[in-house]
Structure formats: structure tokens, C-alpha cells
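Written below as C-alpha cells is the structure these notes are about.
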Amino acid sequence: MENTDDDNALLRIVNFPTRGIGARSIEQLQEAARVNNTTLWDAAARAGGKVTAFVGLVESLRSATQNLPLPEIIDHVLQHSGLAAHYQNETGAKKREAEERLENLNELVNAATLFVHENEDDSLTAFLTHASLEAGEHQAGDSEDALHLMTVHAAKGLEFHTVFITGLEEGLFPHQNSIDSGELDEERRLMYVAITRARRRLYLTFAQSRMLHGQTHYSTASSFLRELPEALLHWLTPRVSARKAFAAGSYIKAFAASPVMEKAPPAPSSVWRIGQRVFHQKFGEGVVTDSEGGGNEGRVQVNFKRAGSKWLALEYAKLTAI
């Protein structure tokens, strides 16, 4: 959609999800581009059959998303390109991998939402450029110490002195699909695999809130935590009650060598009230019309003079009162 001169990108998506464009058709496309000294996109625009249908799809996506905000552009493409449906319809041995791919796609929408709040240029081109540069920015060199980030599946057969298991929230681990289908045994086995990767220390964590598909969601701690022996757990934040501990942003440490209590500082309450005039560096002046959540996890709706109504995460909006 954004850079039709990228032949490699076109080759990655022209027949994925499957569109009936076989290897022979792609070879003919490449030959036509070579003979006419054009890009593959230009050659595809003059081709026929299912290649023409692919060109029409890309053009329709470009037209439909022309005036949408960045996160909505990405969400629209995921839904209408057939990519989301492709992974949603996977069954059997590929189902779990497909679910992980869907979660990665949701994270792409989340990344776009944060990018809009943090950057003045929130165009699709700017986001893609940022993502390309960011991809290798934090990779450690061969001689540098680094953390290993991996899925539970990828960790099978490996052991480490210290392991952090993140995302222990109901609906995430165990996954909502397993909860709905009543098939928690496989998820429980994965939890066992994750726990037994640790030789010395195991940290189990859950988030008070999480951004999913561009929206902030509040959830509860994983039911798997309640299945662990209480005597083997040490709460780093005082567990006065499960509700209060969760509200404080609790972290749980199991099998810890030295019991040290650490209490997370409370999040500051929101200072914005409905009707208050505010200024945003990008959108200009506006008026607060609604709010939800509290502290850094909250967000406000602001009606801007130039940009219209927008929901902004307080942690990233950097609003100032007028």
C-alpha cells in the first residue's frame, strides 16, 4: 500500500494468504517486470486473472484507509486482507501457532497506538520506517550479556538459573480460547513446562492492565497461580487481599532464595476533569469531555479544535492545562 516499489514485499504477500497465484504466475510476473524494466507492482497492474484481483485488493485497502488513524489503518488491513481470518481458521497442530501469530498481529495494533501518542509524524510511512529501524536496534552482540526472550514452546528442553514468566492473566495464560472450550489441560502442561525451566529462581508476574488491540483492558490474575502451593510462593507486594494486591500492580516470586518485601508505589490519581481546557503538542488546544481509569493507566477523551475528538492514554499524552 505504501511502497509499491518494494519487490520483495510484494513477493511475500502476493499469495499469502493463498490467493491461487502459483509459482508459474509469479515467474511470469518477474519476467514481465525484467523485460519492461519495471517494478513487480507495475507488471502486476498489467497482468490478468488472479494477479489483477490482488492488485484490486491492495487498491481497495489503500482507498478505504486513506483518512483513518494509524491503528485503524492496520486493523482494517488485517481484517480485510484475509490475514486475520487465515490464522483464525487454522485447526489441528497449527492452531496454537496461529493463535500466537494473531497475538503478534494484535501487538502490531498496540504498537501503532503507542506510536501515535509518542510521535508528531504518525503516518503509515513513518511507522513502517520506525518499525524497520527498531527491529535490530536492541539486539545484543555475540560478546554481550543479554536476556533470552522466548515462547514457552520454544523453551522446552532448556534450563536457566533464573526465569521470568510474564502475562499470567486469565484469558492470556490460560488463553481465552482454552477457557471457552474447556480444554485447559494443554495450557496447564505448558505452565508446568515454563515453571520447570528454572533452576534457582522463578518470577511469576501479571499486569494490572494490558493494551489489547489498541485498547486498555483490565483483567485478573491467572487461575494457574491459585493452583500453586502457597508455601512455595513469596509475594513481593503485600497481599492484603487479592483485589488490593492486583490494584497495586503485584508481582509474585516463587522459590525465592531471600524473602524481601517490595511495594510498588501507587499510581498518581488523574488531575484532569471534564470541561478542563488542555493543550497537546501535536493536536493543539482542546477540552476534556470524558475519562476512564486512573493514574498512568487511565485515559481521557479530548475534543480538539483542529483534530476533533480523540482518546488519549495519560501515560503518553503529555497534556498541559491551559
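Couple of notes before you dig in:
- Subset of the range 142-201 (residues that are of a type in the set (V, I, T) and under 17 Å from L228 (Cβ atoms)): V152, V163, I165, T166, V193, I195, T196
- Subset of the range 178-211 (residues that are buried (at least 17 other Cβ atoms within 10 Å of the Cβ) and of a type in the set (F, W, Y)): Y203, F206
- Among the residues of the range 149-160, those identified as surrounded by 11 or more Cβ atoms within 10 Å (Cβ to Cβ) and either among the small types (G, A, S) or in contact with a Phe, Trp or Tyr (Cβ under 9 Å, 6 or more places away or on another chain) (or both) are V152, A155.
- Odd one out for E59, checked against (1) among the charged types (D, E, K, R); (2) at pLDDT 90 or above; (3) under 29 Å from A307 (Cβ atoms); (4) not in a helix (DSSP H, G or I): (4)
- Being surrounded by 18 or more Cβ atoms within 10 Å (Cβ to Cβ), touching a helix residue (DSSP H, G or I) at 6+ places or on another chain (Cβ under 9 Å), of a type in the set (A, V, I, L, M, F, W, C) and modelled with pLDDT under 90 is true of V109.
- Scanning the range 44-89 for residues that are among the charged types (D, E, K, R) and more than 23 Å from L312 (Cα to Cα) gives R46, K50, E59, R62.
- For T4, the requirement of being surrounded by 14 or more Cβ atoms within 10 Å (Cβ to Cβ), farther than 30 Å from L190 by Cβ and at pLDDT below 90 is met.
- Scanning the range 126-137 for any residue that is closer than 30 Å to L190 by Cβ, surrounded by 12 or more Cβ atoms within 10 Å (Cβ to Cβ) and free of Cβ contacts under 8 Å to residues at least 60 places away in the same chain turns up at least one such residue.
- Within the range 84-190, helices (runs of 4 or more DSSP H) holding 3 or more residues that are under 26 Å from R299 (Cβ atoms): 95-118, 124-134
- Among the numbered conditions (1) at pLDDT below 90; (2) more than 29 Å from E72 (Cβ to Cβ); (3) surrounded by 13 or more Cβ atoms within 10 Å (Cβ to Cβ); (4) β-branched (V, I, T), the only one that V163 does not meet is (1).
- Every pair of residues 6+ apart whose Cβ atoms lie under 9 Å, when the first sits in the range 139-153 and is over 30 Å from R189 (Cα atoms) and outside the structural domain of L190 (by TED's automatic domain parsing) while the second is in a loop (DSSP other than H, G, I, E, B) and modelled with pLDDT of 70 or more: Q139/A146; A140/A146; A140/L147
- Selection status of A33, surrounded by 14 or more Cβ atoms within 10 Å (Cβ to Cβ) and in contact with a Leu (Cβ under 6 Å, 6 or more places away or on another chain): yes
- Remark: pairs (first residue in the range 221-237, assigned to a helix (DSSP H, G or I) and among the small types (G, A, S); second residue modelled with pLDDT of 85 or more and crowded, with 16+ Cβ neighbours inside 10 Å; Cβ separation under 8 Å; 6+ apart in sequence or on different chains) = S223/E170; S223/P174.
- Filter result (assigned to a strand (DSSP E or B) and out of contact with any Lys or Arg (no Cβ under 7 Å at 6 or more places or on another chain)) within the range 191-203: A198, R199, R200, R201, L202
The values are calculated or read from the model by the stated rules, or taken from the named source; none is laboratory data. Keep in mind that what you see is a predicted model, and the values were worked out from it rather than measured. Using ideal geometry, Cβ is built from the backbone for each residue, glycine included, and neighbour counts are taken over all protein chains shown.
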